[in-house]
Structures are given as C-alpha cells and as structure tokens.
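The values are calculated or read from the model by the stated rules, or taken from the named source; none is laboratory data. Nothing here was measured: the structure is a model prediction, and the numbers come from that model. Because the Cβ atoms are built from the backbone with ideal geometry, glycine has one as well, and the counts that use them run over all protein chains shown. Just the protein is used for accessible areas: all its heavy atoms, side chains included, with ligands, DNA and RNA removed. Shrake-Rupley method; radii C 1.70, N 1.55, O 1.52, S 1.80 Å.
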Amino acid sequence: DCSSLTVPPAAVIVNSSGAHVPGAFPRITGPVSQIVADGLGGYLLVGDFTSVGGQPFARFARVAPDRTVDPRYRVVADGPIYQLALAHGRIYLAGEFRTLNGAARHGLAALDAATGRMSAFGHGFNPEGRRVTQLSVSSIGIYVAGQSRLWGFNASTWALVFERDVWVNTIAATSARVYVGGYGYERPVWAVDPFTGQDTAWQIGL
C-alpha cells in the first residue's frame, strides 16, 4: 500500500503482505513500463523516464543490488523502448528506436547481460518502418512483432528464421511453440512453429 507516500514513486518493491519496502529503488523521474529481475540481485527497467538516482538515464537502466544505478548499462536511444527480455546472456530491447548508442538498430537490439555493452544482434534488421511493440524469448529463439508483422530469430546464430504478415498483440514463446494473441484472424489465440512461423494444429478452444 503506497497511498501514504507523499510523492508516488515510479517503481517500488512490496513485501509478501503488500506493504511498500522503502529504499528499494532510487528516485526515478518519469514512468516505468517494465521491470525485470536480472538474477543477480538487481533490476532492469524500461519506460519513458529521464533520470534514475539523479543521473541522466533515459528509457533504460539497471538498478544494482545496492539500489544505485549501474553506470555500465547506459543506453541512448532515439525513440521509445517498449519491451525488454533477459535470456542467452543478453538483454533484448524492442521499440521504436532507429539508433542505439549511435549504431543503427531498427527497433531491435541486445546488450551483453554481464557488461552492458551492445552486441551485434539486430544489425541489419529492417521492420520497414513498423514499431516493434512485442518481444518474447525461449531457449531457442527470439520473437518480435509490430504492426501486422511477426519475426523469429535463432538464439544461437541470430539468423532470421521466419517472417510473416499477421497482426499480433502479444507473444509467449516456448521451445515447442510460439503462442500468439491477436485479432482480425480466425482464432484470437493460436500457436506457430518456432522454426518456420507456420500455424500449428494447437487449439485453445476460445
């Protein structure tokens, strides 16, 4: 319950009873849209914020276990970051940016999870002007979607393994199937093959 706080924070941690844990995050200026635990006691954040802990960290930041902002994980993006995912030793980012840290990255990029340095993943990806709004990962692949297009990448080689025209609102990837939710299709929820992107026989019964 954060109702007693004078200034509602952008991000908080609550305990098992739902009470606010003071000091869990540094002060964040602006909204936070996603928080992911990094497995090392810290947290990865994306959103429309402009500073973290009084420092100019915009759109993405790592909060270290001591609850300070980690200076190694600095991202300068020329557009919004909508989604992040942590897998394969990398931090995947998807959004409406066209450059990240001065390099061409059209809506899809990855950082080394251990160092914060940008990897080569996403180089050459062309969403043809679409906003990349959805991101999900499995042990074998990375899957993104935006404005009537769905893409799948091999997690080991980074190669694009499929691309298809379909309107997607959300993705949940596993190594056996990639579950897709959308509209304007004969099924509101369906599943595609993680290697080809083709529809499978899986049915949810909605």
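The conditions of being hydrophobic (A, V, I, L, M, F, W, C), under 23 Å from residue 26 (Cβ atoms) and in contact with a strand residue (DSSP E or B) (Cβ under 8 Å, 6 or more places away or on another chain) are not met by residue 40. Any residue at all in segment 156-170 that is farther than 22 Å from residue 200 by Cα, out of contact with any His (no Cβ under 9 Å at 6 or more places or on another chain), in a loop (DSSP other than H, G, I, E, B) and of a type outside the set (A, V, I, L, M, F, W, C)? Yes; the residues of segment 156-170 include at least one that is farther than 22 Å from residue 200 by Cα, out of contact with any His (no Cβ under 9 Å at 6 or more places or on another chain), in a loop (DSSP other than H, G, I, E, B) and of a type outside the set (A, V, I, L, M, F, W, C). It is to be established whether one or more residues within segment 195-204 are in a strand (DSSP E or B), among the small types (Gly, Ala, Ser) and touching a residue at least 12 places away in the same chain (Cβ under 8 Å). No, segment 195-204 contains no residue that is in a strand (DSSP E or B), among the small types (Gly, Ala, Ser) and touching a residue at least 12 places away in the same chain (Cβ under 8 Å). Residues that are over 14 Å from residue 170 (Cα atoms) and open to solvent by less than 30 Å² (accessible area, probe 1.4 Å) within segment 114-148 comprise 116, 119, 121, 122, 125, 127, 138, 141, listed in sequence order. The single residue among 150, 108 that is of a type in the set (A, V, I, L, M, F, W, C) and either farther than 27 Å from residue 43 by Cβ or modelled with pLDDT under 95 (or both) turns out to be 150.
Scanning segment 152-192 for residues that are in contact with an Asp or Glu (Cβ under 8 Å, 6 or more places away or on another chain) and open to solvent by 50 Å² or more (accessible area, probe 1.4 Å) yields a count of 1.
Set side by side, the residues 62, 90, 74 differ, and just one is closer than 23 Å to residue 43 by Cβ, at pLDDT below 95 and charged (D, E, K, R), which is 74.
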